[in-house]
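Chemist: What follows is a single structure, and I will ask about it in a moment.
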Amino acid sequence: MRASRDRLRYQRQPPPPVDIAAVVAHLTHLKAAYGIGAWQIAHLTGVSERLVHMIRQKQHVRILPSTAAKLLAAQPVRAPGQRVVGLPAWRIVRWLESEGYTRPQVARLVGVRSIGLRKHYTARVVAKLHAIKRHLERGSRPDDEGSFGDASPPPGQS
């Protein structure tokens with residue numbers, strides 16, 4: 001019984017490997033369009049970072065279909081620390097200033113020491129600025145700790 005089971009296990013053939021051209025194109029697109037690196041792709045897909053590097057550098061010519069499917073399923077998600085263009089964030093800061101907030105207040109709401117004109121911000125800062133703008137557009141105002149639990153008036157207006 002055991003011998004026949006072992007024989008069946010060794011007779012099974014692994015799935016035929018697939019070409020990496022489509023995977024390399026997808027990984028190149030994610031890198032060029034969204035700045036997503038090997039670590040982020042590995043984190044999203046469960047494939048090792050080393051294998052992602054090797055595929056990008058075309059050191060592998062063929063990979064298993066399951067690995068190709070995981071890599072092709074990777075969607076563009078920004079890492080919190082990824083640097084993004086600063087102009088949209090700066091527009092939100094300027095809008096917040098027009099609403100009566102000072103730059104130190106905006107920096108405290110976002111959770112940074114200072115917020116000034118920069119070429120790049122982290123994705124985390126930009127996401128927080130967008131969230132603050134959404135809350136303010138809905139009419140909610142942050143309390144003294146910076147959370148949006150009540151509808152207090154903007155700073156300087158009582």
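The values are calculated or read from the model by the stated rules, or taken from the named source; none is laboratory data. What you see is a predicted model; the values in this text were computed from it and never measured. Cβ placement follows ideal geometry from the backbone for every residue including glycine, while neighbour counts extend to all protein chains displayed.
Chemist: Among the residues of region 88-102, how many are aromatic (Phe, Trp, Tyr) and either in a helix (DSSP H, G or I) or assigned by TED's automatic domain parsing to the domain that holds TRP39 (or both)?
Modeler: Total meeting the criteria: 2.
Chemist: Out of all the residues in region 103-125, which are in a helix (DSSP H, G or I) and among the polar types (S, T, N, Q)?
Modeler: Of everything in region 103-125, just one residue is in a helix (DSSP H, G or I) and among the polar types (S, T, N, Q), namely GLN105.
Chemist: Restricting to region 22-66, give me the number of residues that are assigned to a helix (DSSP H, G or I), of a type in the set (Val, Ile, Thr) and either touching a helix residue (DSSP H, G or I) at 6+ places or on another chain (Cβ under 7 Å) or at pLDDT below 90 (or both).
Modeler: Number of matching residues: 6.
Chemist: Further question: Test ARG62 against the criterion of being of a type in the set (Lys, Arg) and touching a Leu at 6+ places or on another chain (Cβ under 6 Å), and give yes or no.
Modeler: So ARG62 fails the test.
Chemist: Follow-up. Have a look at ALA38, ALA68 and point out the one that is touching a strand residue (DSSP E or B) at 6+ places or on another chain (Cβ under 8 Å) and crowded, with 17+ Cβ neighbours inside 10 Å.
Modeler: The unique qualifying residue is ALA68.
Chemist: If we scan region 67-87, do we find a residue that is outside the structural domain of SER140 (by TED's automatic domain parsing), outside any loop (DSSP other than H, G, I, E, B) and within 29 Å of LYS133 (Cβ to Cβ)?
Modeler: no
A quick yes/no check of all residues on (1) over 22 Å from the mean Cα position of the chain (by Cα); (2) more than 17 Å from ASP19 (Cβ to Cβ); (3) touching a residue at least 24 places away in the same chain (Cβ under 8 Å):
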{"residue": "ALA68", "(1), (2), (3)": "no, no, yes"}
{"residue": "LEU71", "(1), (2), (3)": "no, no, yes"}
{"residue": "ALA79", "(1), (2), (3)": "no, yes, yes"}
{"residue": "SER98", "(1), (2), (3)": "yes, yes, no"}
{"residue": "ARG103", "(1), (2), (3)": "yes, yes, no"}
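Chemist: If you don't mind, another one. Out of ARG83, ARG94, ARG124, ARG78, I need the residue that is of a type in the set (D, E, K, R), at pLDDT below 90 and surrounded by fewer than 17 Cβ atoms within 10 Å (Cβ to Cβ). Which one?
Modeler: ARG83
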